[in-house]
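Below: the structure, in structure tokens.
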Amino acid sequence: MNITKQELERCAALAREADHLRERIIRLRSAAEGAGMRLDGLPSCGIGDPVGEAVANLDKLRARWMRTIDQYLALMLRADEAIARLESPEVRTVLRLRYIDGLPWEEVSVKVNYASSHCRRLCSKGLRELEGAPKEKTTRRIG
């Protein structure tokens, strides 16, 4: 199973989007409850009811969050299966940190204790393998 860099980038983007939506839900719920609206166990509300509107909006946001999580999980599992088939554990780790965990290069390099430039090289190598490109031959210089 091949996977492209664009699909891996989408995986990281979906993870960030799910986190953002979760944070919005928490903030909105907190703001609504801070304003004296109780959002649990409410009966159906009529038109123009601010509590009913808040509950409906939070439900829509929760539904969008769940759809995003479902998309992320499906793509993440596919990406992780593809990455797991790579030979190098260093390459697998860098790809997972970058694309599945969505970490910036600086954090990836700290976690694996490699220079950022080395992490990028490992990532490029892994992406070529994942996309089905032939492996580069390494040549040694003598002298």
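The numbers here are math on the coordinates, done by the rules we state, and not lab data. Fair warning: this is a prediction, and the values are worked out from it, not measured in the lab. We place every Cβ from the backbone using ideal geometry, glycine too, and count neighbours over all the protein chains shown.
A simple packing score, the average count of other Cβ atoms within 10 Å per residue, orders the peptides 54-66, 93-105 as 93-105, 54-66, with the highest score first. For THR68, THR4, the sequence from fewest to most other C-beta atoms within 10 Å is THR4, THR68.
Label separation (ALA74 vs VAL112): 2.9 nm, computed from points 7 Å beyond Cα along the C-beta direction.
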